[in-house]
1. Considering the stretch 124-138 alone, what residues qualify as being farther than 19 Å from residue 169 by Cβ and exposed (fewer than 13 other Cβ atoms within 10 Å of the Cβ)?
2. Between residues in the stretch 96-117 that are among the charged types (D, E, K, R) and residues that are surrounded by fewer than 17 Cβ atoms within 10 Å (Cβ to Cβ), which pairs lie under 7 Å by C-beta distance while being six or more apart or on different chains?
3. How many of the residues in the stretch 31-58 are in a loop (DSSP other than H, G, I, E, B) and touching a Lys or Arg at 6+ places or on another chain (Cβ under 6 Å)?
4. Return the only residue of 121, 145, 89 being in contact with an Asp or Glu (Cβ under 8 Å, 6 or more places away or on another chain), assigned by TED's automatic domain parsing to the domain that holds residue 174 and either surrounded by fewer than 15 Cβ atoms within 10 Å (Cβ to Cβ) or not basic (Lys, Arg) (or both).
5. If you scan the stretch 194-247, which residues turn out to be more than 30 Å from residue 330 (Cα to Cα) and among the polar types (S, T, N, Q)?
6. Which of the numbered conditions does residue 11 fail, given that it passes all the others? Conditions: (1) within 20 Å of residue 116 (Cβ to Cβ); (2) small (Gly, Ala, Ser); (3) out of contact with any strand residue (DSSP E or B) (no Cβ under 9 Å at 6 or more places or on another chain).
7. Is there a residue in the stretch 235-250 that is within 60 Å of the chain's Cα centre (by Cα) and in contact (Cβ under 8 Å) with a residue 12 or more places away in the chain?
8. Could you please give the count of residues in the stretch 337-353 that are of a type in the set (Asp, Glu) and within 54 Å of the chain's Cα centre (by Cα)?
Amino acid sequence: MDLWVLVVIAGAILLGFTAIVLASRFKRCPSDSILVIYGRVGKEQSARCIHGGGAMVWPLIQDYSYLSLIPMTINIPLKNALSLQNIRIHVPSTFTVGISTEPTIMYNAAERLLGLASPQIEEMAREIIFGQLRLTVASLTIEQINQDRESFLTSIRKNVEPELNKIGLNLINVNITDITDESDYIESIGKKAASEAINKAMVDVAEQDKVGAIGQAEANRERTIRVAENEAEAAKGTKQAEADQRIFVQQQETLAAIGEAEANKNRDVEVAQNVAESDKGKKAAEADRRVFVQQREAEAITGENESKASIAAANSRLAEREAEARQAAEVARRTAEIEIQKTQYRLEQERLNAEEIVRKETEKREVEIEAAGVAERTRLLARGEADAVLAKYEAEAQGVRQVLEAKAEGYRRLIESCDGDARSAATMLMIEKLEEIIGRQVEAISNLKIDKITVWDSGNGEKGSTSTANFLSGFIKSLPPLQELANMAGVELPQYLGRLQPDQEIHGSEEGSQHGAEGTEGNQGN
């Protein structure tokens, strides 16, 4: 009974120990890391990568480690990168990279980055990015890099990301800080774009000024027309009112004259009637005075006739006055119409003149605006061409100056190597040029076509020599020897190059010139 108890206790202890060991060997993977189990993990596998969850790590045959997924920021101060146009530019940038969770890339990270510290991984990634970034810049022009940043970043990602994936890293972000160059090419592009924008803005301003001037001219023309029409209507109304007033006055004067004539006529009639009645009373009262009555009757008849004549005369004067009034009214009406027509004609002329002035002012404004735009564009083009020519000549002058300075420095060092002896330095320079001088001498006679040279031989050669032989030997002798060339340059050559005999030094040049003359005569004969 005690044995079974001991066995059970031992089994329980063994199971508990086994459970503790197994629990301690179960490894969980946090979200910001990759669990890498290496050792005996499977056939043709060097490691097994787990992201998230956990796995059992068997003792003795397996072990584990972690790879951090925390992104790394790498500064790439790329300078003097050669672009497609052979212009060196500076492209400082910042790359954000991290270990990828894709199975293939994660496996590459387990093989190549396991056990490395973050600075070591960053250094490895920096070298890869430097090389691929230079390659990307070399395949693009400055315009493509500077203007189309999206395409530039796409090209960088296309070239850099596959190389980073080979070591288990993934390109998360690329940030280009700024792009500059030593020759200020990018700045010139910006100035050109700014100039184009300024020119376009000036053209737009001029266009809007033109539209505003045209609108203002149209408004002024409309206002002038309206004012002229209102003034014409006012003048017409004024003249019409004056004509009506004058007609009314004439009519009233005519009526007054007619009423006055009627009053005078009635008065004369009443006077005559009163006289007649008085005469009739006298006839009745004084019968015996019939003679007197007849005389009065005769007088009455005479007065009556005179009254009728007066009435006829008054009627005639009234008709004359009426005709005069009608004539004056017609003249006033015609005069008013003439004045109205004159006013309308003057207003129409003023309106036409105003329209012509407005049109000419508008055309003048348009010409001034267009001339100002053309002048400004011409000034900008001339300034740009002048800057380009100035830059070209400055670059040429800089190159010539550098060449001369390099030559001067070389001559100075040559003289210093000769202990300050300028004559020795000149001798060394002369020796360096000997090969070129000899080559030129050989070249001078190498292309001569001997078969084309004709020499007249009289057969009087001395000591068996012929004119042809003398011509050829004299022609060869006409070439100046090295010692003579060196003496002409003021340089004495070393003795191992030979020396001239005194008579050769004196007569060498004369004989060469004579043989040269003979060769010339032979050519003339040919």
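The values are calculated or read from the model by the stated rules, or taken from the named source; none is laboratory data. Nothing here was measured: the structure is a model prediction, and the numbers come from that model. Virtual Cβ from ideal backbone geometry, glycine too; neighbours counted across all protein chains shown.
1. Passing the criteria: only 138.
2. That search, which allows pairs on different chains as well, returns 111/46.
3. 2
4. Just one listed residue meets the conditions, 89.
5. Of all residues in the stretch 194-247, those more than 30 Å from residue 330 (Cα to Cα) come to 194-227.
The answer is 195, 199, 208, 216, 220, 224.
6. Exception for residue 11: condition (1).
7. Within the stretch 235-250, one or more residues are within 60 Å of the chain's Cα centre (by Cα) and in contact (Cβ under 8 Å) with a residue 12 or more places away in the chain.
8. 2
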